[in-house]
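Enquirer: The structure under discussion is supplied below as structure tokens; questions concerning it will follow.
The values are calculated or read from the model by the stated rules, or taken from the named source; none is laboratory data. Not measured: the values here are computed from a predicted model. Heads up, the Cβs are rebuilt from the backbone with ideal geometry, glycines too, and the neighbour counts pull from every protein chain shown.
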Amino acid sequence: MDPIKYLFEKPVLNGRMSRWTLMLSEFDLKYVPFKVIKGRAVADFLANNPIEETKVVDTWSFPDEDVVHVENDVWDLYFDGASNNIGYGVGIHLILPTGEHVPVPINLDFNVINNVAKYEACLLGLRSALDLGVKKLLVHGDSSLVINQVGGS
């Protein structure tokens with residue numbers, strides 16, 4: 001529920017809510033619900049406006065007959081780091097091209113802040129992948145700072 005809509009539509013407010021309503025009333029705010037496009041309207045539009053140049057796809061032809069086997073040798077690396085008053089640690093999760101999962105939890109024995117723990121997790125994950133001889137690696141993490149810096153942006 002939208003809090004501004006709640007404030008302006010509730011007839012009786014007490015305490016903090018009434019103060020918020022009073023403070024927000026000077027800004028001349030008005031709640032306007034989002035406009036949505038119904039899925040049926042999109043389907044009707046597409047049905048009424050077909051694409052003129054339609055091409056029949058031959059499902060029995062194989063355009064890449066010379067390709068017999070494609071090898072998927074991409075590994076996935078998921079990392080995360082955390083620091084709190086209990087301790088400091090990193091988590092690394094490698095997924096092999098065969099689908100096998102290799103989780104690696106590591107406790108850090110030195111004091112770090114949360115961002116440094118995430119850097120350590122990324123570095124330890126990259127070192128682990130190099131030690132395993134990984135050639136192609138997709139790195140996934142929840143820290144945009146670390147991902148953008150490792151990616152060079």
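Enquirer: For region 88-109, how many residues meet the condition of being in contact (Cβ under 8 Å) with a residue 24 or more places away in the chain and surrounded by fewer than 17 Cβ atoms within 10 Å (Cβ to Cβ)?
Expert: 2
Enquirer: State yes or no: is residue 48 loosely packed, with under 10 Cβ neighbours inside 10 Å and either in contact with a Cys (Cβ under 7 Å, 6 or more places away or on another chain) or at pLDDT 80 or above (or both)?
Expert: It is true that residue 48 is loosely packed, with under 10 Cβ neighbours inside 10 Å and either in contact with a Cys (Cβ under 7 Å, 6 or more places away or on another chain) or at pLDDT 80 or above (or both).
Enquirer: Now, a different point. What are the pairs with Cβ atoms under 7 angstrom where one residue, in region 110-137, is closer than 18 Å to residue 94 by Cα and the other, located anywhere, is charged (D, E, K, R) and surrounded by 15 or more Cβ atoms within 10 Å (Cβ to Cβ)? Sequence gap at least six, or different chains.
Expert: Hits for this filter: 118/80; 121/80.
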